[in-house]
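Below is one structure; the comments refer to it alone.
None of the figures in this text is laboratory data; all of them are computed from the coordinates on show. Computed from a predicted model, the values in this text were never measured in an experiment. All Cβ positions, even for glycine, are placed from backbone atoms using ideal geometry, and neighbour counts span all protein chains on display.
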């Protein structure tokens, strides 16, 4: 039975959408909230989609209501689907990701999941567009399931415990991500963390934040597996 839970961030870690995510987010926001909606100047990398939307609405003086999120999600999914289907933007898997997921799935000491700021339907859409099969991921913590990223590891742990019908501790979880926010949420909960320099933050930034290991990318599958087994 598995003794390690590997939790992947999506954007900048598993894949890149080459602007499709931000573009579709902006387009959906303008549809729902008017032409003044914009993400310009807002921190996006490593953030929860629900918080990004809230900050954009704050600048417009629009109160946050659950109904706002519900209708935004519908338009965001529609806009992102169109971006991918039209060929305007192409999502691509990061180096080594497919090989690593295959190795993890074949090793019964690991369970694999997602811990991401993405909303569920658009996160899954990005994976599909990048050719990454969702069956790799048995545990999920999505971007609307906490008020901060630090609240997502407990969500994932509760689901891992239920999935295995067994007690599990935070030190058995390893978060893989590309930003200091991935590092921060791991450290806040006693998880290990592997930082990758394929997205927002560079090696010195990830190391200063406290990542246990920092790699340029995930292409050296043997080295990554060796570290995950011993972490």
For the pair residue 3 and residue 109, the simple spin-label estimate (label points 7 Å beyond Cα toward Cβ) gives in nm 0.7
Which of 114, 51, 43 moves the most in a Gaussian network model of the chain with Cα springs under 10 Å? 43
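Just need the Rg to Rh number for region 150-214, please, alpha carbons only, Kirkwood Rh.
Values: Rg = 12.4 Å, Rh = 12.0 Å.
Result for region 150-214 is an Rg/Rh of 1.03.
Give the calculated FRET efficiency between residue 35 and residue 150 to the nearest 0.05, with a Förster radius of 41 Å applied to their Cβ-Cβ distance. Can you show the working numbers first?
On the way: r = 34 Å, r/R0 = 0.84.
Efficiency at R0 = 41 Å is approximately 0.75.
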C-alpha long axis of helix 49-60 to longest principal axis of the chain, angle in °: 30
Set the Förster distance to 35 Å, then compute FRET efficiency between residue 78 and residue 43 from the Cβ-Cβ distance, nearest 0.05. 0.90
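Remind me, relative contact order of region 20-86 in percent, using alpha carbon pairs under 8 angstrom and six or more residues apart? Before the final figure, lay out the partial values.
Numbers: 48 pairs, mean separation 31.2, N = 67.
It comes to 47 percent, rounded to a whole number.
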With the crude spin-label approximation of a point 7 Å out along Cα→Cβ, what separation in nm comes out for residue 55 versus residue 205? 1.3
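Using the count of nearby Cβ atoms within 10 Å as a rough guide to exposure, how do 187, 126, 208 rank from fewest to most? Please list the in-between numbers first.
On the way: 187 17, 126 22, 208 11.
Sorted ascending by nearby Cβ count, the order is 208, 187, 126.
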Footprinting exposure proxy for 66, 90, 99 (fewest neighbouring C-beta atoms within 10 Å first): 66, 90, 99
So, R0 is 22 Å and r is the distance between the beta-carbons of residue 170 and residue 225; what FRET efficiency does that work out to, to 0.05? 0.55
Return one number: the angle in degrees, 0 to 90 and rounded to the nearest 10, between the long axis of the Cα atoms of helix 120-129 and the longest principal axis of the Cα atoms of the chain. 70
I need the P(r) histogram for the chain: all alpha carbon pairs, bin width 10 Å from 0 out to the longest distance, whole percents. 8, 34, 36, 18, 4, 0
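Subtract the Cα-Cα distance of residue 92 and residue 188 from 0.36 nm times their separation in residues, and report this length gain in nm to one decimal.
Details: separation 96, 0.36 × 96 = 34.56 nm, distance 3.05 nm.
That pair, residue 92 and residue 188, stretches by 31.5 nm at full extension.
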Note down the nm distance, to one decimal, between modelled labels 7 Å out along Cα→Cβ at residue 138 and at residue 68. 3.9
DSSP bridge pairs, the chain: antiparallel proportion in percent, nearest 5: 10
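Restricting to DSSP H runs of at least four residues, report the calculated mean residue ellipticity at 222 nm for the chain, -39500 (n - 2.57) per run over all residues, nearest 500 deg cm²/dmol. Each step should come with its number before you reach the end.
Working: 9 runs with 105 residues, N = 231.
The per-residue figure over the chain is -14000 deg cm²/dmol.
Averaging sequence separations of C-alpha pairs under 8 Å and six or more residues apart, then dividing by the length of region 82-141, give the relative contact order as a whole percent.
Relative CO of region 82-141 lands at 41 percent.
Please order 55, 16 by the number of other Cβ within 10 Å, starting at the fewest.
Details: 55 14, 16 22.
Fewest to most other Cβ atoms nearby, the residues stand as 55, 16.
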Most mobile of 202, 212, 70 in a GNM of the chain (Cα contacts under 10 Å): 70
